1. Efficiency by 1/(1 + (r/R0)^6): what FRET value for residue 67 and residue 263, r their Cβ-Cβ distance, R0 = 30 Å, to the nearest 0.05?
2. Calculated FRET efficiency, residue 15 and residue 282, Cβ-Cβ r, R0 25 Å, to nearest 0.05?
3. How far is it, in nm, from the label point at residue 291 to the one at residue 29 when both lie 7 Å from their Cα along the line to the Cβ?
4. Express in whole angstrom the spacing between the alpha-carbon centres of segment 71-136 and segment 202-223.
5. Show log10 I(q)/I(0) for segment 188-299 at q = 0.14, 0.24 Å⁻¹, two decimals, from a solvent-free Debye sum over equal Cα scatterers.
6. Stretch residue 87-residue 247 to full length: gain in nm at 0.36 nm per residue minus the Cα-Cα span?
7. If eta is 0.692 mPa s and T is 37 °C, what Stokes-Einstein diffusion coefficient results for segment 93-132, Kirkwood Rh from Cα pairs, in µm²/s?
8. Using only C-alpha atoms and all pairs of different ones, pull out the Kirkwood radius for segment 21-69 in Å with one decimal.
């Protein structure tokens, strides 16, 4: 039985519909039932010619119904899609139409090949650890595939942060903020602040201070089973909390929150595009050394 494929897209990019309009006929020729999110149809002039194989639905409905979801955009599109698939275990395949594309690792010219691999079940599923955050006084749980960031807002003044691990005092530091990252998010904001690259299947959490006012406040890796408690205060401006780049809280001058490993994981379709280590070399130019280029054959 052929899988049902869902399609999400970054509707902020006008050219997204061009790629999706090219993919839909291919899926139809293959006899694949396809679900397209409502916002995409509204961007296509004249709408979609819906039939027995093509339906339009909300992201929530697609996450519940589809066997695999293809996201068209970049890593940000993947992160947004993860918020919908988190509780449904729906696998995600990212089509990179952006710049870096570390999560969305399939290029536009590889789409048909990726679809064929899915139809032949020639792929593997990677389980990616997530993070859960709870701000004291708020009922909403924050979910993140990459990171939860607590930072200053509305002022150039730094904030004071106290950090505890499982009720044991870690440190206090004055900084622009702190990034709590999963292994998947280690190559995102955390890396830009000097954090380590961590292989995605590691069961750890990375704590990376942002522009700390002391050279001794360095990133630290802790076991994934630990719970992090943060207490941030500021005398001027405010404090914000973001989960995967989406604003979750702002305007307070005193924030307490707990962050821990999420109960759910995100399932990514892999082994179609390049492997993780090839992505490191290709996308981040990791360990690139011009002295060795003439002596190394790229696999």
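A short reminder: the numbers here are calculations on the coordinates, not readings from a lab. Everything numeric in this text was worked out from a predicted model, so none of it was measured. Virtual Cβ from ideal backbone geometry, glycine too; neighbours counted across all protein chains shown.
1. On the way: r = 23 Å, r/R0 = 0.75.
Efficiency, from the Cβ-Cβ distance: 0.85.
2. Numbers: r = 23 Å, r/R0 = 0.92.
For R0 = 25 Å, the calculated efficiency reads 0.60.
3. Here the modelled spin labels are 5.1 nm apart.
4. 27 Å
5. Listed by q, the Debye log ratios stand at -0.83, -1.56.
6. Values: separation 160, 0.36 × 160 = 57.60 nm, distance 2.06 nm.
Residue separation times 0.36 nm, minus the Cα-Cα distance, leaves 55.5 nm.
7. Numbers: Rh = 11.5 Å.
D = 285 µm²/s.
8. Working: mean 1/r = 0.0894 Å⁻¹.
The Cα-based Kirkwood calculation yields 11.2 Å.
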